[in-house]
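Participant: Here it is, the structure, as structure tokens.
The values are calculated or read from the model by the stated rules, or taken from the named source; none is laboratory data. Computed from a prediction, not measured in an experiment: that's the story for all the values here. Heavy atoms of the whole protein, side chains included, go into the accessibility calculation; ligands, DNA and RNA do not. Shrake-Rupley method; radii C 1.70, N 1.55, O 1.52, S 1.80 Å.
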Amino acid sequence: MHYRQTFTIGRLWVLFIALLAVMFGALLLVGSRAFQLAPPLPSEVIVEDTNAVVFNDSDIHAGRDVWRRLGGMEMGSFWGQGSYLAPEWTADVLHREAMSLLSEQSPFDQLSEDEQARRVATLTSQIRRNT
């Protein structure tokens, strides 16, 4: 029996190169869109009442450098494992900020339940306003 070869080695290489071009093209397209849609970085964050600077863009870049030194950029979070291998600071910062706002006038854990509930409701509206 004689089998007819439908794909020659040359055709396979052309198919391989075409597939590589399509895959890298898709990768470049998705990467450029992710770069374009990235959230803006503030030049500085200030307190509304006093106009005191809380932090600026150089502080943000310094924080990114700490993350890189700890190896966070190599870990990624493809399956959510990034926070297992390097610190996940977002939740920690949000928790600390909320607790400091709740305890501005007096310690939060020493307040009555009604006062705690009122402060949590006020904090929730402040955070959702996102100033």
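Participant: Out of the residues in the stretch 103-118 that are open to solvent by 100 Å² or more (accessible area, probe 1.4 Å) and closer than 21 Å to A91 by Cα, state the one that is farthest from the chain's Cα centre (by Cα).
Facilitator: D109
Participant: Separate question: Go through the stretch 119-131 residue by residue and tally those that are open to solvent by 70 Å² or more (accessible area, probe 1.4 Å) and charged (D, E, K, R).
Facilitator: 2
Participant: Could you tell me whether A38 is open to solvent by less than 100 Å² (accessible area, probe 1.4 Å) and assigned to a helix (DSSP H, G or I)?
Facilitator: The answer is no for A38.
For (1) at pLDDT 90 or above; (2) under 15 Å from the mean Cα position of the chain (by Cα); (3) not in a loop (DSSP other than H, G, I, E, B), each residue gets a yes or a no:
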position: V22; (1), (2), (3): yes, no, yes
position: G25; (1), (2), (3): yes, no, yes
position: V30; (1), (2), (3): yes, no, yes
position: A34; (1), (2), (3): no, yes, yes
position: D49; (1), (2), (3): no, no, no
position: G63; (1), (2), (3): no, yes, yes
position: H95; (1), (2), (3): no, no, yes
position: V120; (1), (2), (3): yes, no, yes
